[in-house]
Every structure is written in structure tokens, then in C-alpha cells.
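Undergrad: Pasting a structure below so you can have a look.
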Amino acid sequence: MNWLQVRAFTAGLLTGLFLCLGAAAAVIQVMTQRGFTAHVDVDGVAAQVRGQVELQVAELLPQVLASLKQEVPGRVARELTGRLGSASFVLYDVTIRLPPESLAGVQAQIEQMVSEEIQQAIDEVDVASTAAEWGARGERLLASALRAQLRGRRLDVQIHPAYPWPTVPVVLSVR
């Protein structure tokens, strides 16, 4: 091999190497300026959350309703005792107080009626439809919140965690 061939080979190799390095630098420059666009499937995320909300409500609501059924009679009795402690009525500016025996009977009847109505209302709660309703509401709220928060948001992602540069911008697009 003569000197001219070695020199031509070296010049071609260095030219190719510098062209590749220049192209790589240009690509890195463009990527750090423009970045990527990431598409976020908000409806898919919201649907998954809806399923989880429905499962949790279907699991926990019967427990809460059973707890309420146990607590209702005691709460009704406490409220009525406080409110009917000195029951009386006024007729032509004359205040007539109920005797304690009558007051106890009235209180017992009111307690029974209120407790039975509340118990019946608790028994009529449809857990499946309530879970579906809460899940749908959660899905709508989450989807609208994610759309509002993520649409067009720009995140600067570091290529290497030890170095602050270069960063690549990622713009979020919401579907």
C-alpha cells in the first residue's frame, strides 16, 4: 500500500466518522428541542378506576349498611330523649306538660316508627346499582380531571439521572 492510498483511506474514514458524529449531534439537538409526544389513554385509565371503585363499593357498602342498621336505634333513642325531655304543648296561652308515662309511650312509638323506616330504607338500597353509579361518577370525574391536567403538559426527561443535560421534552397528548 502506498502513501497516497493510506492517506485517502484515512481521509475517507475521518470524513465518514465526522459526518456520523455531526448527524448524531443534529438528531440529539432536534430531540432536545422538539422532543416526543406521548399519548395518554384517559378513557382506559378511567375505565380501570371505574372497575376498582365498583368493586370497592360493592364490597364495603354492605358492611357500612349493616353497621348503620345496628347504630340507628341507639341514635334515634338519644336524639328523641334530648328533644322530648320536656314535651309540652300550648293551648290558649296555657302550657300543658305531658306526664312522664305518656311521654315514655310517645317516645317508644316514635323510636319504633323512625327505626323501622330507616331500617326499611337501608334494606332497599340496591348495592349493585349504587356501586355502578359511584363507579360511573368516579370515571367521569377522573377523566375530566386527567384531561384538564395532562393535555399539553410538557415533561423534561433526563436521559441519564446523573447528568442534568441533555433532557428530552415529552409533551402529553390526551385521547
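The values are calculated or read from the model by the stated rules, or taken from the named source; none is laboratory data. Computed from a prediction, not measured in an experiment: that's the story for all the values here. Here the Cβ positions follow ideal geometry from the backbone for every residue, glycine too, while neighbour counts run over all protein chains shown.
Undergrad: Return the residues of segment 138-163 that are farther than 19 Å from Gln48 by Cα, surrounded by 11 or more Cβ atoms within 10 Å (Cβ to Cβ) and either at pLDDT 95 or above or hydrophobic (A, V, I, L, M, F, W, C) (or both); say none if nothing qualifies.
TA: Listed by number, the residues that qualify are Leu155, Val157, Ile159.
Undergrad: Which numbered condition in (1) modelled with pLDDT of 80 or more; (2) under 44 Å from the mean Cα position of the chain (by Cα); (3) over 27 Å from Leu61 (Cα atoms) is the only one that Val94 fails?
TA: (2)
Undergrad: Would you kindly identify the strands (runs of 3 or more DSSP E) lying entirely within segment 83-175 that contain at least 1 residues that are free of Cβ contacts under 8 Å to residues at least 24 places away in the same chain?
TA: By residue number, 88-91, 94-97, 154-158.
Undergrad: Exactly one of (1) modelled with pLDDT of 90 or more; (2) over 21 Å from Val53 (Cα atoms); (3) not charged (D, E, K, R) is unmet by Gln107. Its number?
TA: Condition (1) is where Gln107 drops out.
Undergrad: Also, quick follow-up: If I filter segment 57-82 down to residues being touching a residue at least 24 places away in the same chain (Cβ under 8 Å) and under 30 Å from Leu141 (Cβ atoms), which single residue comes out as surrounded by the fewest Cβ atoms within 10 Å (Cβ to Cβ)?
TA: This residue is Pro62.
Undergrad: While we're here: Applying the selection to segment 39-48, what residues are surrounded by fewer than 17 Cβ atoms within 10 Å (Cβ to Cβ), part of a helix (DSSP H, G or I) and in contact (Cβ under 8 Å) with a residue 60 or more places away in the chain?
TA: Result: Asp43, Val45, Ala47.
Undergrad: Can Gln52 be described as more than 30 Å from Val157 (Cα to Cα) and surrounded by fewer than 10 Cβ atoms within 10 Å (Cβ to Cβ)?
TA: no
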